[in-house]
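The values are calculated or read from the model by the stated rules, or taken from the named source; none is laboratory data. The structure displayed is predicted, hence computed values, not measured ones. Note that each Cβ is placed from the backbone with ideal geometry, even for glycine, and that neighbours are counted across all protein chains shown. Calculation scope for accessible area: heavy atoms of the full protein, side chains included, ligands and nucleic acids excluded. Shrake-Rupley method; radii C 1.70, N 1.55, O 1.52, S 1.80 Å.
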Amino acid sequence: MKEIVLEIMCSIAEHLKVSVAVDKRTYNDQRALINSIFSATSDREYNVGSIMLRLTVIDSLYATNAAYSYFSIEEMAQRIYDMGSEQEATRQFASYAQGNNETAVDALFDEPFGIRKNLAEGSKQVSLLSKYAYYCVLQESQKYPMGFPIYDSLAKEIYPKLWAKLDLGVKSTEEKEMKAYVADLRKICSALFERETDSFGMQQFDLLDAYLWRMGKFSHGNLSLMLERTDYVRFITNLGLQAEERGKDENGHTVYEPLPEYAKRMRCIYCDKPLTGKKKVKIAEDPNTVNVDDLVLCEFVSGEKPPFNDIRNQKTLEEMYVHWKQYYK
């Protein structure tokens, strides 16, 4: 299993190295945009305001949907700023990821921020703060080849399955959620990579997160952030899932027939013959009839019109899909 996972990780690493543009909407391009607001900040511009800006952009582009309480963003930014400097915050984040005791980082992930309307304490922001830490440590990838892990719902869902496939035994018994998560992912990295520099030119946690995120996306039948808009439109059109026009509203705007909720999730369509030539795709009356994941691969490998502008993207996604279907479905 280790060799197979590393082979897929190699493909992902190669895919992430292709040029990106900050005016697109793929996951890779959004990473580049967020990274730019970290790499462009000088020591003179490092203040509570710039940290708040970073947190807000990360939350928006990652769709973290953080359950903010009043004053939570300001308090998180102040706590990060109080770590001393950009370099010192980065050092502490990297040290924490390596399993060392860093009190300030521990408090960031284990304490609530802000207050609610009734003055009850706010909520923890583990996912958002982990993404902030990830981008901080990413700026010094040569110095910190391990990087920092993103606490993500998709990664949390998939990593126990990878853990079992690698036969790693008992997971961390650490009571604090983030500490246990970091400890488990660190052990996975140790099982996969013999040396810190064995992760195909990427930080180890970065590559592991990219792998787990993609396997999670396949598990939920959600490909939107993995494709550029033109590819996504072609892909949905090929599957026959585009909305139908109903006419115009009073303001002259096009009105579309809303798809059933289960169709929006792309989880339950079926076809009565392979997706080649003229395709007959129907919405299943029973949401459990057939999972769209089977049709995804069918469209990849046998569609008369390739659903992607860049055949390299199609090849990479095909490889990852086959891997997911074999080991995680």
message: Ignoring ligands, DNA and RNA, please state the percent of accessible area on segment 60-166 from carbon and sulfur, probe 1.4 Å.
response: 49 percent
query: Once fully extended, how much extra length lies between Asn251 and Thr230, figured as 0.36 nm per residue of separation less the alpha-carbon to alpha-carbon distance?
result: 4.8 nm
task: Report in % the part of the accessible area of segment 171-220 that belongs to carbon and sulfur, leaving out ligands and nucleic acids; probe 1.4 Å.
output: 42 percent
query: Accessible area per residue of segment 54-174 at 1.4 Å probe, in Å²?
result: 45 Å²
- request: Quick one: accessible surface of Asp82, probe radius 1.4 Å, all protein chains present, in square angstrom to the nearest 10.
  value: 100 Å²
query: Using the beta-carbon distance between Thr56 and Thr103 and R0 = 25 Å, what value does 1/(1 + (r/R0)^6) give for FRET efficiency, to the nearest 0.05?
result: 0.45
- prompt: Can you list, largest first and rounded to whole Å, the semi-axes you get for segment 50-148 by taking the square root of 5 times each eigenvalue of its Cα gyration tensor?
  reply: 24, 14, 11
- request: Let me know the Kirkwood hydrodynamic radius for segment 107-154, please, with Cα pairs as the basis and the value in Å to one decimal.
  value: 12.2 Å
- prompt: Based on the Cβ-Cβ distance from Asn35 to Glu194, what FRET efficiency comes out when R0 is 25 Å, to the nearest 0.05?
  reply: 0.35
field: Label-to-label distance, nm, for residues given as Glu74 and Gln87 (7 Å Cα→Cβ offset)
entry: 3.1 nm
Net charge over other residues, Cβ less than 13 angstrom from the Cβ of Trp163 (K, R count +1; D, E count -1): +4
- request: Could you pull out every residue, at least 5 positions away or on a different chain, whose amide H is within less than 5 Å of the one on Gly114? Hs are placed 1.01 Å off N in the peptide plane, and Pro or chain starts have none.
  value: Gly122
message: Give me Rg/Rg_expected for segment 88-243, where Rg uses Cα atoms only and Rg_expected = 2.2 N^0.38 Å with N residues.
response: 1.19
message: For Cys10, project a label point 7 Å along Cα to C-beta. Then give me every residue of segment 315-329 with its amide nitrogen under 20 Å of that point.
response: 315-327
